[in-house]
Amino acid sequence: MMAAKRFFIFFLLSYSVAASVNDRYYPRYHLAPPFGWMNDPNGFSEYNNEYHLFYQYNPNSSLEPGIAHWGHAKSKDLVYWEHLPIAMYPDEWYDRTGVFSGSAIVEDDKMYLFYTGNVNFPGQTPDHQQYQALAISTDGVNVRKLASNPIINGTEFQPDFRDPKVWKHGSTYYMVLGNSFHDEDSNSTLGRALLYTSKDKENWTFASILDESDGSLGYMWECPDFFELDGRFVLLFSPQGIAPSGDKYRNLYQTGYIVGDFDYRTNIFTPKTDFIELDHGHDYYATQTILDRFKRRIVIAWFDMWEQKYPEERDGWTGQMTIPRVLSLTRDNRLIQKPIKEASVARGSSLFSGKARAGTVVTLEDKAGEINIRAPKNKNLEILIESSNETSKVIVTYDYKKGQVTLDRGGKDGIRRTKWRPNGKLKLRAYIDASSIELFFGDGEVTFSSRFFPDGPVKLRLSGKSDVESMKVYGMKRTVSVDHSNGEENGGSK
Ligand code: FRU
């Protein structure tokens with residue numbers, strides 16, 4: 001094993017010297033891999049007053065997920081990120097075809113990393129098995145897998161049995177897991193979320209099925225998360241296999257939530273809502289949350305979608321994370337997402353401030369910017385984000401008669417739309433970053449996260465009759481650097 005690992009590190013270093021990351025689409029202030037492929041956020045945690053984020057990582061290629069490792073980065077403010085060495089390699093019998101997604105808890109100065117070990121058996125049925133494993137870090141960088149792994153074999157739940165999210169309540173540890181099961185009645189495969197409990201983090205007992213698909217919620221639930229928020233409980237997960245329905249569920253896979261009550265004595269979750277999509281853009285998946293030291297429930301998502309062929313693949317890197325967002329729950333059980341207030345740390349110079357007439361054009365710097373708009377709620381609004389290539393135009397509209405907001409990034413399947421009416425003024429915040437746009441309508445009632453690929457300078461234009469009462473536009477600093485040296489160069493400097 002050790003020799004293999006050394007060879008691998010050597011291979012990595014030589015690869016990284018040769019690796020050339022083209023940064024035309026590389027985010028200026030969103031976390032992306034130094035090079036190679038990134039998917040799900042993992043192990044979101046705080047250690048010694050710094051945030052740590054691990055992620056599904058293929059250091060060998062940006063063209064495919066490959067065999068997952070855990071990449072690693074840390075940040076003091078969730079804005080400036082520093083790349084750290086790869087935390088976990090697929091080097092044990094139970095994770096040899098993937099150190100899959102999982103989560104972290106920190107106790108007694110130790111990080112406990114719970115994850116899924118994936119093992120493929122090509123040509124066999126089933127062709128893979130998934131085990132839950134535990135690894136520990138005592139310094140926030142080096143990680144040691146338990147000799148007694150796997151900690152859960154899950155024989156009765158194979159083969160799709162993954163993505164442990166762990167938390168502690170009272171003196172008990174809880175783990176929610178994504179799973180598929182065969183439903184006899186419909187003779188089909190359906191998704192569900194399982195709950196396990198433990199007293200010592202190593203020995204786990206199956207406790208309950210938190211919730212399951214009735215046929216309308218897909219065949220597999222990935223990356224489940226379960227937490228208390230504003231007096232209720234939220235089951236947040238990423239189901240695969242939900243059919244599109246009108247403006248809903250337009251992406252290949254979804255991310256959304258069910259709100260309900262939970263009884264820690266019986267381990268029974270009683271839903272009080274249907275499944276609700278969390279974001280309305282094209283690229284938002286596999287969320288993970290943390291309760292941070294300020295008691296904020298912060299969510300971060302993979303700012304991509306499976307099977308999309310993003311142009312950045314050819315640039316030596318693929319995938320990024322969304323801006324972390326603080327969650328809260330409305331009285332009628334809807335999640336609100338607000339960008340973390342630290343996001344303002346990335347603001348650069350002010351590019352525009354004041355009343356803005358229809359036709360106003362603001363050119364962003366380095367293809368990145370933050371836009372804040374306040375407009376009357378009884379007038380339509382149309383904002384264009386333009387660059388030199390026609391295919392990378394994004395049109396954002398608010399239609400006050402229909403009570404609807406739309407993001408159109410052009411091309412095939414360019415439109416995403418949802419119903420929304422502002423309570424008071426029409427408020428919109430948009431973050432643009434080299435190959436992405438995130439929209440926050442109102443106080444975060446509705447968000448859209450989509451990738452787009454502008455070549456040349458990016459301009460913002462208020463079109464048609466879109467006078468706005470106030471508009472503020474900021475440039476953005478670079479807080480994440482393109483790294484050609486496998487973690488030896490760190491994030492941007494302040
Ligand atoms: C979600 C997911 C997880 C799995 C990981 C593998 O995007 O499919 O269910 O653990 O990605 O990289």
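The values are calculated or read from the model by the stated rules, or taken from the named source; none is laboratory data. Owing to the predicted nature of the structure, the values given are computational and were not obtained by experimental measurement. Glycine gets a Cβ as well: all are built from the backbone with ideal geometry, and neighbour counts include every protein chain shown.
Scanning the stretch 394-426 for residues that are surrounded by 19 or more Cβ atoms within 10 Å (Cβ to Cβ) and within 12 Å of Ile373 (Cβ to Cβ) returns Val396, Tyr398, Pro422, Leu426. Residues that are outside any strand (DSSP E or B), within 30 Å of Val21 (Cα to Cα) and in contact with a Phe, Trp or Tyr (Cβ under 9 Å, 6 or more places away or on another chain) do not occur anywhere in the stretch 292-299. If you go through the stretch 432-449 and pick out every residue that is in contact (Cβ under 8 Å) with a residue 60 or more places away in the chain and surrounded by fewer than 23 Cβ atoms within 10 Å (Cβ to Cβ), you end up with 4.
This table checks each residue for (1) away from the ligand (no atom under 15 Å from the Cβ); (2) touching a residue at least 60 places away in the same chain (Cβ under 8 Å); (3) out of contact with any His (no Cβ under 8 Å at 6 or more places or on another chain).
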position	(1), (2), (3)
Pro164	no, yes, yes
Leu194	no, no, yes
Glu202	yes, yes, yes
Phe206	yes, no, yes
Glu212	yes, no, yes
Tyr219	no, no, yes
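Checked against (1) farther than 24 Å from Leu146 by Cβ; (2) out of contact with any Asp or Glu (no Cβ under 7 Å at 6 or more places or on another chain); (3) more than 16 Å from the ligand (Cβ to nearest atom), Gly66 meets all criteria but (3). Within the stretch 239-252, is even one residue crowded, with 24+ Cβ neighbours inside 10 Å and either of a type in the set (Gly, Ala, Ser) or under 13 Å from Leu327 (Cα atoms) (or both)? Within the stretch 239-252, not a single residue is crowded, with 24+ Cβ neighbours inside 10 Å and either of a type in the set (Gly, Ala, Ser) or under 13 Å from Leu327 (Cα atoms) (or both).
Listed here are the residues, each with its yes/no results for (1) surrounded by fewer than 14 Cβ atoms within 10 Å (Cβ to Cβ); (2) of a type in the set (A, V, I, L, M, F, W, C); (3) outside any loop (DSSP other than H, G, I, E, B).
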position: Ala343; (1), (2), (3): no, yes, yes
position: Gly348; (1), (2), (3): no, no, yes
position: Phe352; (1), (2), (3): no, yes, yes
position: Lys355; (1), (2), (3): yes, no, yes
position: Gly359; (1), (2), (3): yes, no, no
position: Glu370; (1), (2), (3): no, no, yes
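Taking each residue of the stretch 76-101 that is closer than 16 Å to Arg144 by Cα and in contact (Cβ under 8 Å) with a residue 40 or more places away in the chain and looking for partners that are in a strand (DSSP E or B) and more than 16 Å from the ligand (Cβ to nearest atom) with beta-carbon atoms closer than 7 Å, six or more apart or interchain, yields Leu84/Ala73; Leu84/Lys74; Glu92/Lys145. Within the stretch 33-63, the set of residues being of a type in the set (Phe, Trp, Tyr) and either away from the ligand (no atom under 16 Å from the Cβ) or within 21 Å of Asp315 (Cβ to Cβ) (or both) comprises Phe35, Trp37, Tyr47, Tyr51, Tyr55, Tyr57. If you filter the stretch 74-103 down to residues that are within 16 Å of the ligand (Cβ to nearest atom) and not in a loop (DSSP other than H, G, I, E, B), you find that the one that is nearest to Gly43 (Cα to Cα) is Ser103.
Sort out which residues of the stretch 380-421 are part of a loop (DSSP other than H, G, I, E, B) and β-branched (Val, Ile, Thr), and write them in order of number.
The first filter runs over the stretch 380-421 and keeps only residues part of a loop (DSSP other than H, G, I, E, B), leaving 380, 387-389, 393, 400-403, 409-414, 420-421.
Across the stretch 380-421, there are no qualifying residues.
Just for the stretch 245-270: of the residues that are over 27 Å from Phe100 (Cβ atoms) and in a loop (DSSP other than H, G, I, E, B), which one is farthest from the ligand (Cβ to nearest atom)? In this case the residue turns out to be Arg265. Determine whether Glu307 is under 17 Å from the mean Cα position of the chain (by Cα) and in a strand (DSSP E or B). No; evaluated as a whole, the condition is false for this residue. Checking each residue in the stretch 147-173 for being buried (at least 21 other Cβ atoms within 10 Å of the Cβ) and hydroxyl-bearing (Ser, Thr, Tyr) picks out only Tyr173. Applying the criterion of being under 24 Å from Pro324 (Cβ atoms) and basic (Lys, Arg) to the residues of the stretch 271-301, the residue that is nearest to the ligand (Cβ to nearest atom) is Arg297. Within the stretch 18-30, the only residue that satisfies the criterion of being out of contact with any His (no Cβ under 9 Å at 6 or more places or on another chain) and either of a type in the set (S, T, N, Q) or within 16 Å of the ligand (Cβ to nearest atom) (or both) is Asn22. Only a single item in (1) more than 23 Å from Trp317 (Cβ to Cβ); (2) at pLDDT 95 or above is not met by Lys393, and it is number (2).
Before we move on, is Gly424 modelled with pLDDT under 95, over 20 Å from Asp279 (Cα atoms) and either out of contact with any Lys or Arg (no Cβ under 6 Å at 6 or more places or on another chain) or part of a loop (DSSP other than H, G, I, E, B) (or both)? Here the answer is yes, as Gly424 does meet what is asked.
The residues on offer are Phe233, Phe227, and the sole one that is free of Cβ contacts under 8 Å to residues at least 40 places away in the same chain, aromatic (Phe, Trp, Tyr) and either more than 16 Å from the ligand (Cβ to nearest atom) or at positive phi (or both) is Phe233.
Note on the stretch 150-200: enclosed strands (runs of 3 or more DSSP E) holding 3 or more residues that are of a type in the set (Lys, Arg) are 161-169. Filtering the stretch 210-244 to residues that are outside any loop (DSSP other than H, G, I, E, B) and hydrophobic (A, V, I, L, M, F, W, C) leaves Leu210, Met220, Trp221, Cys223, Phe226, Phe227, Leu229, Phe233, Val234, Leu235, Leu236, Phe237.
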